[in-house]
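Note sheet for the following structure.
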Amino acid sequence: MTGPDARQRRTILIAVCIALMAVIASVSGLNVAQPDLAITFDVSQGTVLWMINIYTLGLAALLLPLGAIGDRFGRKPMLVAGLAVFGAANVVAALAPSAEIMLAARLAGGVGAAMIMPITLAVITSTFPPAERSQAIGVWTGVAGGGGIIGMFLSAALVDLVTWRWLFALPVVLVVIALVMALRSVPNSRETSGHPFDTVGALTSVVAMVGLIFVLQEGPERGWTAPLTLLGLVVGVAAAVSFVAWELRRRDAALLDVRLFGERSLAGGSITLLVVFGVQAGIFVVLFPFLQAVLGWSALVSTLAMMPMAVLMMVASGLAPRLAQRVGPRVTMAAGILLAGAGLALMASVLSVGGGYPSILPGMLTMGLGMGLSMTPSTEAITSALPRERQGVASALNDVTRELGTALGIALLGALLSAGYRGAIDARLDGVPDGAADAARQGVANALDAAADAGPRAPELVRAAQESFVEGWQSAMWAGVVVMAVLFVYVLVRGPRSPSDTPVGTPTDEPEPARASAG
């Protein structure tokens with residue numbers, strides 16, 4: 001059967017990228033409305049954080065099994081069903097009269113997102129011919145990388161102009177557009193398998209992801225040695241070990257053939273995405289307090305200030321396939337990692353309270369360029385490592401790696417920032433009233449709030465908090481530089497091979513387009 005023509009493929013790419021944008025925008029959209037949610041529902045900050053995090057938890061936990069189900073029973077039905085669930089969940093969230101309903105709606109939204117996200121990339125890899133696939137993946141990667149910042153900007157604008165409930169209008173509108181386009185243009189593709197569905201692997205993967213993501217989300221809030229945090233760690237690690245052991249036993253019938261991680265493309269692509277998205281997410285954790293608490297900008301202006309990095313990241317993601325064709329994916333990934341690390345070092349070196357936004361913009365732009373160059377070949381390395389009948393799983397693995405990296409980066413770089421801030425501000429609190437000093441030790445935002453009670457010491461307290469935050473920032477940035485340096489060496493040594501590096505007669509691992517059926 002003849003596949004979609006060039007015009008249809010463009011429509012398919014637009015449809016899946018709009019669906020992806022809806023999912024990505026919902027990951028970070030509620031961050032800008034935390035105070036409004038606490039007031040509306042009269043709940044604690046911990047409950048508000050769960051309204052944000054439960055979406056990511058549901059999304060990450062179900063990516064692998066739902067990606068595999070889409071491969072078996074049809075990618076288009078899974079995409080359409082996911083859009084319907086996701087859209088309905090966002091409508092319920094917008095109208096939620098209580099915190100309990102909001103939590104349930106956000107969890108349902110995460111389930112719908114897990115149905116959508118792996119299918120969007122699997123549709124691309126199973127529909128586009130090899131000559132166009134890299135460019136299409138580059139567009140998808142750009143949306144996945146920069147879409148979060150764009151979603152946060154639009155969300156902040158809605159919060160400032162109307163009310164937080166309108167935050168859910170954006171994903172609903174995107175879902176309706178994507179649904180109409182998907183029904184009209186996206187072909188259905190499915191793969192037959194001679195093995196039964198790996199139910200045990202699916203269940204253990206869900207438990208492992210829930211446990212590990214829970215630890216990374218709750219550790220900074222509850223404490224890393226809190227009983228519930230340790231329980232989550234034990235359950236997550238035990239389930240992960242069980243998953244690997246079971247998948248090794250299942251071999252070709254496994255949900256995810258973990259033996260493939262011995263292959264350079266899959267291992268290199270996965271590790272690169274894990275680190276790059278971890279560093280990116282950690283940077284956002286650092287950037288927003290700087291722009292809001294140190295520079296005194298609103299959420300809307302702060303998000304707008306990050307748009308140049310997002311735009312450059314998306315542009316670089318689109319250019320990366322051409323560069324990879326000329327110099328190879330390994331060199332392209334290494335160049336991107338080197339630029340991203342250089343951007344971190346630049347920000348850590350020149351950042352200052354007095355320097356303001358101009359002191360971080362060059363580093364942001366360099367980092368955005370580097371991340372865009374590294375993301376696309378990493379994503380293609382993952383999808384090309386699995387056969388065509390496992391493209392939903394390959395796409396889900398790509399997404400799981402991103403989500404796990406994001407949670408890991410937020411937890412670790414956020415912890416380094418907090419520790420660096422506390423270590424720096426203690427020496428600057430001499431003469432500050434005890435109450436204001438205790439509040440200042442909790443964070444820079446708390447210090448600014450407490451300044452009103454510091455009397456004549458208020459300007460001194462504000463300056464101390466801002467300078468201490470910058471010191472904590474620098475500690476986190478230099479840690480990121482070290483991580484990126486290690487990744488750079490790893491990719492140079494063990495990164496994906498260029499086609500010219502593959503010995504003659506070695507079968508390629510690039511998946512052929514999946515069989516598409518009408519509908």
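The values are calculated or read from the model by the stated rules, or taken from the named source; none is laboratory data. Computed from a predicted model, the values in this text were never measured in an experiment. Cβ placement follows ideal geometry from the backbone for every residue including glycine, while neighbour counts extend to all protein chains displayed. Calculation scope for accessible area: heavy atoms of the full protein, side chains included, ligands and nucleic acids excluded. Shrake-Rupley method; radii C 1.70, N 1.55, O 1.52, S 1.80 Å.
Relative to the longest principal axis of the Cα atoms of the chain, the long axis of helix 361-385 lies at roughly 30 degrees. Between helix 264-289 and the chain there is an angle of about 30 degrees, using the helix long axis and the longest principal axis of the Cα atoms. Rolling a 1.4 Å probe across all protein chains gives Trp478 an accessible area of roughly 110 Å². The largest accessible area among Phe86, Phe261 belongs to the first residue in Phe261, Phe86, and the rest follow in falling order (1.4 Å probe, all chains). Amide H to amide H, with H built 1.01 Å from N, Ser189 comes under 5 Å of Arg75, Lys76, Ser517, counting only residues 5 or more places away or on other chains. Averaged over its residues, segment 295-355 has an accessible area of 40 Å² per residue, based on protein heavy atoms and a 1.4 Å probe.
The local environment of Ser468, defined by Cβ-Cβ distances under 9 Å, has a net charge of -1 under the rule Lys, Arg +1 and Asp, Glu -1. So if R0 is 60 Å, what FRET efficiency would Ala226 and Val327 give, r being the distance between their Cβ atoms, rounded to the nearest 0.05? About 0.80, to the nearest 0.05. Solvent-accessible area assigned to carbon and sulfur over the chain amounts to 67 percent, based on a 1.4 Å probe. Taking segment 292-307 and a reference point 7 angstrom along Cα→Cβ of Ala445, the backbone N atoms nearer than 12 Å belong to 292-294, 299. Applying 1/(1 + (r/R0)^6) with r as the Cβ-Cβ distance of Leu361 and Ser298 and R0 = 22 angstrom yields a FRET efficiency of 0.75. Averaged per residue, segment 7-97 has 34 square angstrom of accessible surface, using a 1.4 angstrom probe with ligands and nucleic acids left out. Recomputing Cα extents along the principal axes in Å from the coordinates shown identifies the correct label among [x] 91, 67, 42; [y] 98, 60, 58; [z] 78, 52, 45 as [z].
Sequence-distant contacts, meaning Cα pairs under 8 Å at least 6 residues apart, place the relative contact order of segment 43-141 at 36 percent. The length gained by stretching the chain between Ala84 and Ala38 to full extension, at 0.36 nm per residue less their Cα-Cα distance, is 13.7 nm. Met21 contributes about 40 Å² of solvent-accessible surface, heavy atoms of the protein only, 1.4 Å probe. Full extension of the chain between Val353 and Ala238 yields a length gain of 36.9 nm, computed as 0.36 nm times the residue separation minus the alpha carbon distance. Heavy atoms of the protein chains alone define the surface here; on that basis segment 105-228 has 37 Å² accessible area per residue at 1.4 Å probe size.
Across segment 402-411, coupling constants 3J(HN,Hα) worked out from phi with the 6.51/-1.76/1.60 Karplus curve, θ = phi - 60°, read 5, 5, 5, x, 4, 5, 5, x, 4, 5 Hz, and Gly and Pro carry x.
Approximating the spin labels as points 7 Å out from Cα along Cα→Cβ, the Arg184-to-Ala245 distance works out to 5.3 nm.
Segment 55-94 and segment 12-53 have Cα centres separated by 16 Å.
Note on Tyr357: accessible area approximately 50 square angstrom, rounded to 10, probe 1.4 Å, nucleic acids and ligands left out. Relative to the dominant Cα principal axis of the chain, helix 99-127 is inclined by about 40°. Compared with the alpha-carbon gap, the fully stretched path from Thr163 to Ile101 is longer by 20.5 nm at 0.36 nm per residue. Centroid-to-centroid, using Cα positions, segment 362-417 and segment 446-493 are 25 Å apart.
On the beta carbon distance between Asp5 and Val176, with R0 = 45 Å, the FRET formula returns roughly 0.95.
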